[in-house]
Amino acid sequence: MAIDQDIEMRAAELRERLHRYNYHYHVLDDPLVPDANYDEDMRELIQLEENHPALKREDSPTMRVGGEVLSGFQKVRHERAMLSLGNAFNEQELWDFDRRVRQGLSPEDDVTYSCELKIDGLAVALTYEEGRLVRGATRGDGQIGEDITSNLKTVGSIPLHLNEAVSLEVRGEVFMPEHSFQRLNEAKGERGEALFANPRNAAAGSLRQLDPKIAAARNLDIFLYAIGDDRGAGLASHHEAIAYMKKLGLKVNPENRHVSSMEEVIAYVQHWIEKRKDLRYEIDGIVIKVDSLRQQDELGFTAKNPRWAIAYKFPAEEKMTTLTDIELSV
Ligand code: NAD
């Protein structure tokens with residue numbers, strides 16, 4: 001069936017805009033619009049493509065993990081793709097996720113969830129060989145990232161040696177704590193330099209400096225949230241993977257919770273909607289993961305997201321003024 005020309009034009013407009021937003025956010029660390037505006041356009045495009053499958057394109061922003069690889073760094077191919085997450089914006093969409101999960105598993109399967117804070121930073125993969133840190137990379141486009149080992153070695157909470165001589169890849173989020181961000185912007189202000197828009201851009205910009213001394217001076221921190229190939233480590237669940245990483249000496253978030261129902265997930269989300277301001281770092285939502293690794297395997301992946309996890313995004317805060325009033329920089 002032919003698609004209305006207006007709908008085609010609208011989809012093309014959204015695709016072009018989202019590509020542009022992605023480039024500024026992921027490559028330049030310099031967002032053009034607040035996340036809520038980006039999310040709204042993305043949802044509209046997803047809906048249009050769902051209603052009119054003929055509009056789907058291989059290179060649509062709905063199909064791609066955001067980033068691209070910057071020149072100036074060595075490229076690293078991820079053995080397992082570093083994917084994005086599907087989003088939920090309200091309680092109903094969390095229940096929809098729960099229903100999809102249960103439909104994808106056998107009816108007698110009991111489902112439990114891991115709940116984690118969604119740290120607003122930059123995703124990285126750390127490779128340890130026989131317990132020694134040998135490489136750190138950005139997510140990049142999900143398949144290929146940038147080798148930023150020298151910069152990551154300056155992050156005090158990333159151990160250069162693990163407590164056991166194991167070989168594995170772990171994944172986490174590097175972030176800039178709120179007080180470091182404020183200090184950095186104050187210093188920039190005093191020097192008359194452009195300010196960073198938010199801690200995420202400051203962290204991402206710091207890690208993608210060619211001079212590691214700059215990253216070293218920025219007081220970055222990390223929380224690890226996954227083992228790249230957790231199936232290889234003899235583990236049965238995500239919460240066991242988190243406990244194992246902790247035992248190895250890796251920093252994991254103390255607020256992680258393993259819960260037994262969607263009601264408990266929603267209570268966790270509610271709690272953090274109210275308490276997020278008390279944290280010393282920024283979060284932009286809650287990540288909910290099916291806890292059993294066997295169930296994760298059964299559910300699998302779409303082109304862009306795991307079917308066994310979802311990111312609940314907090315209601316938008318009025319950030320427009322912050323973003324437009326502040327001159328952005330990397
Ligand atoms: P995402 O933000 O939806 O989620 C995936 C990311 O969450 C992971 O890659 C990881 O970095 C992070 N994460 C944090 N804590 C985690 C945890 N405990 N477990 C697993 N992952 C965790 O996906 P994305 O592809 O990184 O970015 C898309 C989002 O970025 C959009 O929804 C939008 O809000 C924002 N964005 C904004 C603009 C803009 O112009 N403002 C442009 C592009 C993207």
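The values are calculated or read from the model by the stated rules, or taken from the named source; none is laboratory data. Because the structure is a prediction, the values reported are computed rather than measured. Here Cβ is always computed from backbone atoms with ideal geometry, including for glycine, and neighbour counts include all displayed protein chains.
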**Q.** Scan of the range 19-72 for residues that are more than 8 Å from the ligand (Cβ to nearest atom), in a loop (DSSP other than H, G, I, E, B) and free of Cβ contacts under 8 Å to residues at least 40 places away in the same chain, ordered by number
**A.** 56, 58, 59, 71
Q: Give the range 172-195 a look and list any residue that's in contact (Cβ under 8 Å) with a residue 12 or more places away in the chain, more than 13 Å from residue 121 (Cβ to Cβ) and outside any helix (DSSP H, G or I), or say none.
A: 193, 194, 195
Q. Which one is farthest from residue 201 (Cα to Cα), of the residues in the range 99-125 that are touching a helix residue (DSSP H, G or I) at 6+ places or on another chain (Cβ under 8 Å) and within 16 Å of the ligand (Cβ to nearest atom)?
A. 113
(Q) Whether any residue in the range 151-171 is outside any helix (DSSP H, G or I), of a type in the set (A, V, I, L, M, F, W, C), within 16 Å of the ligand (Cβ to nearest atom) and modelled with pLDDT under 95 is what I want to check. (A) no
Q) Consider residue 88 against the criteria (1) within 15 Å of the ligand (Cβ to nearest atom); (2) at pLDDT below 95: it satisfies all of them except one. Which criterion is unmet? A) (2)
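Taking into account only those residues within the range 154-182 that are among the charged types (D, E, K, R) and within 24 Å of residue 117 (Cα to Cα), which is nearest to the chain's Cα centre (by Cα)?
Across the range 154-182, the extreme among qualifying residues is 173.
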